[in-house]
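All remarks here apply to the structure that follows.
The values are calculated or read from the model by the stated rules, or taken from the named source; none is laboratory data. Only a predicted model underlies this, so the values are computations on that prediction, with no experimental measurement involved. Heads up, the Cβs are rebuilt from the backbone with ideal geometry, glycines too, and the neighbour counts pull from every protein chain shown. Protein only, heavy atoms only, side chains kept; ligands, DNA and RNA dropped before computing areas. Shrake-Rupley method; radii C 1.70, N 1.55, O 1.52, S 1.80 Å.
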Protein chains: 2
Amino acid sequence: MIKPSQGRSRVVIEHISPQIDGGRHPVCRILGDQVAVTAVIFADGHDHVAARLLYRHDAESDWRFTPMTQGANDLWSGSFTVDRIGQWHYAILGWVDHFDTWVSDLRKRLAAQPIPVESQSIASRAREATIASAHIATEMFDSPGGLEAGPQPVSEDVQIAFRTGAVLIEQAASRAEGGDDKSLLESARFLTTLADRNLSFYDFPLDPEALTLAEKYPDLSLARQSDPVLSLWVDRQRAQFSAWYELFPRSTSTVLGKHGTFADVEAQLPEIAAMGFDILYLPPIHPIGRAFRKGKNNSVTSEPGDVGSPWAIGDAAGISAKTKAHPEDNGGHKSIHPELGTFADFDHLVKACQAHNMEVALDIAFQCSPDHPWVTEHPSWFVIRPDGSIQYAENPPKKYQDIYPLNFESPDWQSLWDELYSVFEFWIQRGVKVFRVDNPHTKAFTFWEWCLGTLRVKYPGTLFLAEAFTRPHVMHWLAKTGYSQSYTYFTWRTSKWELTSYMEELTTPPISDFFRPNFWPNTPDILHKVLQDGGRPAFELRLILAATLTANYGIYGPAYELCENAPARPAPGRTESEEYLDSEKYEIRQRSRITSGSLVPLITQLNKIRNANPALQSNGSLRFHATDNPQLICYSKATPDKKNAILVVVNLDPVYGQTGWTDIDLNALGLAPGQSFVVDDLLNNAHYTWHDRRNYVALRPGTQPAHVFRVAPLP
Amino acid sequence: MIKPSQGRSRVVIEHISPQIDGGRHPVCRILGDQVAVTAVIFADGHDHVAARLLYRHDAESDWRFTPMTQGANDLWSGSFTVDRIGQWHYAILGWVDHFDTWVSDLRKRLAAQPIPVESQSIASRAREATIASAHIATEMFDSPGGLEAGPQPVSEDVQIAFRTGAVLIEQAASRAEGGDDKSLLESARFLTTLADRNLSFYDFPLDPEALTLAEKYPDLSLARQSDPVLSLWVDRQRAQFSAWYELFPRSTSTVLGKHGTFADVEAQLPEIAAMGFDILYLPPIHPIGRAFRKGKNNSVTSEPGDVGSPWAIGDAAGISAKTKAHPEDNGGHKSIHPELGTFADFDHLVKACQAHNMEVALDIAFQCSPDHPWVTEHPSWFVIRPDGSIQYAENPPKKYQDIYPLNFESPDWQSLWDELYSVFEFWIQRGVKVFRVDNPHTKAFTFWEWCLGTLRVKYPGTLFLAEAFTRPHVMHWLAKTGYSQSYTYFTWRTSKWELTSYMEELTTPPISDFFRPNFWPNTPDILHKVLQDGGRPAFELRLILAATLTANYGIYGPAYELCENAPARPAPGRTESEEYLDSEKYEIRQRSRITSGSLVPLITQLNKIRNANPALQSNGSLRFHATDNPQLICYSKATPDKKNAILVVVNLDPVYGQTGWTDIDLNALGLAPGQSFVVDDLLNNAHYTWHDRRNYVALRPGTQPAHVFRVAPLP
């Protein structure tokens, strides 16, 4: 229970914050963040305590440290800046600070000394001496007519305290480096001289520099280090601030009826970059299975010419020995669908994206079509049914015979893990640094923790977005075990109350310490009722919410720009579908986003606002402000120094205009109570002068769906 | 990070509750408690999960277990009863339950089967067969004119599911004990028969008994056990429910001017027991130092005949070689002050207490007078000043030269720890099972954790009360490291708001999981202003609060019974003193509690009420109820079944009568909204019928300071 070596360590360190589940998982931060750490630290009795915050990047062997400062109720705090991505470690070192106790006690002893009237002038000479320095003071004693001229009354406990201090400072000198030991020994000698000569001081006998020097070399022999060492994962800024654009490459050809290629995607990059996106996310680019291939609108039978779902991965027969680009190019997760182009085309696209300040994100979906090469090469990676067949995906009585799930309970799990890991590594080595992972919650969590943990250390800067639309604890667990970003329930949070409570949960600890939300108003799988019913005004307001509530957001285009909102027809008696009619998941759909009525201008403006305003590039400062209308949601974000502050008001009603009064928490915007301020609407360049907390707002779907104000105090 | 052996384990177990600081400290419970444990448990994908709560007493080598049940949002719960005092361990075992998944999926598959009209009668015969048992059903197949008579349509996935089930049940049979394997193999054969004969069922083919039997032998090969194993400390009931009475033995002589003895204390036991106390707490009983002995009223100089403070422990010269009772009887912590009596007298007192259903609590104060034998035998256990003298206690500029604190940073700390530990062990071996520890927060915490941890395991049932009036985290830490009960801030919590918020903090987790409050309205060190100013009515109301708010309380008598309220005169300009005038800490004060106006009757009545009403014997059920008068505080406690419910209303004003209306949370008392009920005032035997939430109360200092109602629904 207690290490014998710690028997003399008197300091307790507990309640260290931040930490996730007792240190089981790392806390997440972004490069350049100041990491504020607090802890409860105390010792028995009345001795003073001191503490250091220890921290280091995993690649560093020695701790760096910064002093912690004591607040009320034994709560101590300190902070450090993370200047490198990757894994960091931190801990707290606490010790009983006998020197600081001595200083504090001596001050009290001296303050309690009676000062005889006749020696007050000597006291003030002594004070002058101490202000000058211990060195000068020592000389004064020895000079003719020095302080000796007026002998002082002796107080025994002060005299002993001087000797105690001398011992403590001599010990500090023995730990000192450079020439510091000399100065320290001089301070010690001075205290000894005072004691030897039975002289008492009325001011503190050491000057501040001498104190600081002695404090520089504390006695750490009985210090206690907090246990366990906690860890921190630092990502590049893109993990926290990103705008994603998803498209189906096969739909990008400009020749009607032709399968799109990487080259066609490349041709669209200027348009996409001009909208201001920084991640181009492609659904799976691998060969698509033929067995049980899904037809248009998710039909269980496909017609000749149907292109199938990109998530039905694998077609061993699709890669011929002649076209094989590399030894593992066998029609599975390390192959490219031949109609999209070659590896050279893919590499070209990756580079072209970089030239537009964008990154390619690939979709990793660990599942197989019956035609995937793993099915024949590694049948033990699947569940085998009693009749010898491989178990297809099912949710009884529904069957998904075009998909074979992997079996993470396979006795050959280690070879399976290695192969899955190598899929990521393969694409990382081709320049991909961002992955969107399909349904990670249906693969073993232990695998993810190992796989992402290994990849993130070996390839720092790689980001992973978890596409897990499932129960809260499961989504949180994926984030804790290595996912950099996560899809969320945003799509289904539509009322003011839902949005407010959900955002407050996401942007405060403990959730915000490990989970980075990415808000998508649509995906190829989800066309929410609000968009189906609300049309263009709904697309506008959901876009504005996504782009300003969280620093990470994305859209599936050009369905979004074009406000495509026709749902698949549900079977009679079934609940309404969130699937798209004529879904691009099962067919090629060519269309141009450069069309009148498209949302391209609004998207472009929003991304411009996000890039120009640091307040919108993180989530921690989000504050909601009251309004007197449940259809008007009002919130703000600001930089820590409040120099950049954004105030957003959105009309949640896609049909009717709404008016109301705000009740703004001015402090969140860096404003004083009662202050007037200017709000510049960055969506339409309108300017208003607002006064104090309550201000009038009128918004109208179609013409003015929201205000996105930059706030500035009136000069 | 991940143990390779766990690579195939797919279950996650997190957020286990209760636990203290990630398992760093044990959760505290009382013998017979039902320990409810919850956790978040889930696996990847859609497979079902099962979980067991594992638990065992430290002396048991095998886990006992109980199934956990799944609630909303992946929260699972289970509970076990602690039937033995001492240390317990608990953990959770979770696994993917393929059999339960199979059952659930098969039900869905069967429900989705089309039932041809012509086979419905066969379906119902099959249903009858399955209701009977798998065994009978198998026979029916084989009997002439059995189910074969009407062949069923075959559904391939149902047929394969039958075979899968047969495999799972055969595996369960291989793990089965007793004759269970035979029954299981029969179930498996029945499923195989169904599959072989291409027969489909429309009802579930196995009866509930067959399912239960298969579930009895789950496949735990890939189960995951939560880590770390958590611990629980179980105390006897006295740790949670106790009434303490403190007195100075030296004041108990009936001969005026004579030093009291253990025999004199024994003579008072009938009086004290009749008041209903169960712990008799004695300040230190050891020889008292002579050097710098304190005089009356804490004077720094003592007069001849002054008895000194019992906390100035140690007088090596006080025990002569002739009177030495045992080898370690050297005038220190293992000696008895000669004027109190002999070891035989002490042993007799301990036994006499037991005869009155009371226990003796000794005061352990680890500090020494300059005359303590440790000072000469072990100077290294103290701080030595540069002049060679031993450092006395001080709070500069105040000096306490009669006390030498121990130095827990001593290089000889191990011999110091052993000696301190042996002090407890010495008295435990003389029959003492309860200790009040003086100022434990001024001794090293690491020592306490080791010392109490070792003692509690070696001497189960030993209780320790921490007298630490210090900062919250420090008090909490002491409780976490082994103290069974703790003094609190109750003495200084006087307003309704203070009492309410403090009690809510103390009686809910996390605090209530490790900290057991003991409320003292007075101690020899603390005579609060409320008592100084409020006189007898204040003594009454503070007593009622202490005895009913928490299950542990105590008084220092006979000062309390006699409402002694004269404070020490503070020095001019100093803040008012909480010390008693003519404090018993420094002199003998003889007086009788059997005096008119004494609080003995009220105390007796309160202890009788506490002993008769289980609701008052623990704290977890405490609920506050609103009143419309800030001087009227209203609260209740009830047993889990609500059969015993106590409702208390106290007038916090010791001067004026107060009236007001309650607003009672009827649910906390086991009453329905709008219900009428009888309240019996256990203090004065008055009865009232109350209606619904709002009822009128009038209380008056002196005549009716409070209601202590037993609540019963109207028949």
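Computed quantities for the displayed model
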{"read-out": "Between A and B, accessible area buried - total, square angstrom, nearest 100, 1.4 angstrom probe", "value": "5400"}
{"read-out": "Cα-based equivalent ellipsoid, chain A: semi-axes from gyration tensor eigenvalues, Å", "value": "64, 33, 21"}
{"read-out": "Residues listed by number, segment A:567-606, amide nitrogen under 17 Å from A:GLU271 label point at 7 Å toward C-beta", "value": "A:584, A:588-605"}
{"read-out": "Extreme residue, positive dipole direction of chain B, given options B:THR627, B:LEU478, B:GLN675 (C-beta unit charges)", "value": "B:THR627"}
{"read-out": "Gain on full stretching of the segment that runs from B:SER415 to B:ASP680 - 0.36 nm per residue minus C-alpha separation", "value": "89.6 nm"}
{"read-out": "Accessible area expressed per residue, segment A:416-499, with surrounding protein chains retained (probe 1.4 Å, Å²)", "value": "26"}
{"read-out": "Built amide H within the under 5 Å cut-off of A:PHE42, gap 5+", "value": "A:VAL12"}
{"read-out": "Label-point separation, B:LYS458 to B:LEU256 (7 Å along Cα→Cβ), nm", "value": "4.9"}
{"read-out": "Reference-scaled alpha-carbon Rg (2.2 N^0.38 Å with N residues) for segment A:576-704", "value": "1.29"}
{"read-out": "Using a 7 Å Cα-to-Cβ projection, B:GLN354 label spacings across copies, nm, ascending", "value": "8.4"}
{"read-out": "FRET E, pair B:ALA263, B:SER174, Förster distance 56 Å, beta-carbon r, rounded to 0.05", "value": "0.15"}
{"read-out": "Subset of B:LYS296/B:LYS480; A:LYS458/A:LYS529; A:LYS294/B:LYS108 violating a 32 Å alpha-carbon distance limit", "value": "B:LYS296/B:LYS480; A:LYS458/A:LYS529"}
{"read-out": "Cα gyration tensor category, rounded, prolate or oblate, for segment B:603-661 with a/c compared to 1.5", "value": "oblate"}
{"read-out": "Integer Hz, Karplus 6.51/-1.76/1.60 couplings in order for segment A:627-635, x for Gly and Pro", "value": "9, 9, 10, x, 8, 9, 9, 10, 8"}
{"read-out": "Computed magnitude of the charge dipole of segment A:470-550 (debye, nearest 20; Cβ of K, R +1, Cβ of D, E -1)", "value": "80"}
{"read-out": "Spacing of the two label points (7 Å from each Cα toward its C-beta) at B:SER299 and B:THR508, in nm", "value": "5.3"}
{"read-out": "Charge dipole (debye, nearest 20) of the protein assembly as shown; +1 at Cβ of Lys and Arg, -1 at Cβ of Asp and Glu", "value": "1620"}
{"read-out": "Alpha carbon Rg of the protein assembly as shown, scaled by the compact-globule rule 2.2 N^0.38 Å", "value": "1.13"}
{"read-out": "Pairwise FRET efficiency - A:LYS643 versus A:ARG84, Cβ, R0 = 35 Å, nearest 0.05", "value": "0.85"}
{"read-out": "Zone residues, segment A:645-680, relative to A:THR689, backbone N less than 19 Å from point 7 Å out along Cα-to-Cβ", "value": "A:671-680"}
{"read-out": "Tail beyond 18 Å, pair distance distribution of segment B:204-257 (Cα, percent)", "value": "74"}
{"read-out": "Interchain or long-range residues, amide H under 5 Å from B:TYR586's placed H", "value": "B:ASN297"}
{"read-out": "FRET E, pair A:VAL229, A:HIS46, Förster distance 41 Å, beta-carbon r, rounded to 0.05", "value": "0.85"}
{"read-out": "Chain B - mean residue ellipticity at 222 nm from DSSP helices (-39,500 (n - 2.57) per run, n ≥ 4, rounded to 500)", "value": "-9000 deg cm²/dmol"}
{"read-out": "Contour excess over end-to-end distance, with Cα ends at A:ASP628 and A:LEU714 and 0.36 nm allotted per residue", "value": "28.4 nm"}
{"read-out": "Segment A:248-331: C-alpha gyration tensor shape, a/c 1.5 cut-off, then a/b vs b/c", "value": "oblate"}
{"read-out": "Rounded to whole Hz, the Karplus (6.51, -1.76, 1.60) HN-Hα couplings of segment A:377-391, x for glycine and proline", "value": "7, 9, x, 5, 7, 10, 7, 9, 7, x, 8, x, 7, 8, 6"}
{"read-out": "Charge dipole (segment B:527-642, unit charges on Cβ, about Cα centre) - positive-most of B:LEU602, B:LEU541, B:PRO640", "value": "B:PRO640"}
{"read-out": "Contour excess over end-to-end distance, with Cα ends at A:SER61 and A:ASP21 and 0.36 nm allotted per residue", "value": "11.8 nm"}
{"read-out": "Computed label-point distance, nm, for sites B:ARG591 and A:SER501 using a 7 Å Cα→Cβ extension", "value": "5.9"}
{"read-out": "With all protein chains modelled, accessible area of B:PHE65 [1.4 Å, Å²]", "value": "110"}
{"read-out": "Under 25 Å from A:LYS322, Cα to Cα: lysines that are on another chain or at least 8 residues apart", "value": "A:LYS258, A:LYS334"}
{"read-out": "Projected-area mean, segment A:543-595, by convex hull of Cα positions, square nanometres", "value": "5.2"}
{"read-out": "Segment B:509-622 - convex hull of alpha carbons, volume per residue in Å³", "value": "130"}
{"read-out": "10 Å Cβ neighbours from other chains, averaged over peptide B:67-79", "value": "1"}
{"read-out": "Where only alpha carbons of segment A:349-508 are counted, the Rg and the Dmax (Å)", "value": "17.9, 54"}
{"read-out": "Cα-centre dipole for chain B with unit charges at Cβ (Lys and Arg positive, Asp and Glu negative), debye to 20", "value": "1500"}
{"read-out": "Long-range HN-HN contacts of A:CYS563 with modeled amide H, under 5 Å", "value": "A:LEU599"}
{"read-out": "If the convex hull is drawn through the Cα atoms of segment A:1-94, its volume per residue in Å³", "value": "123"}
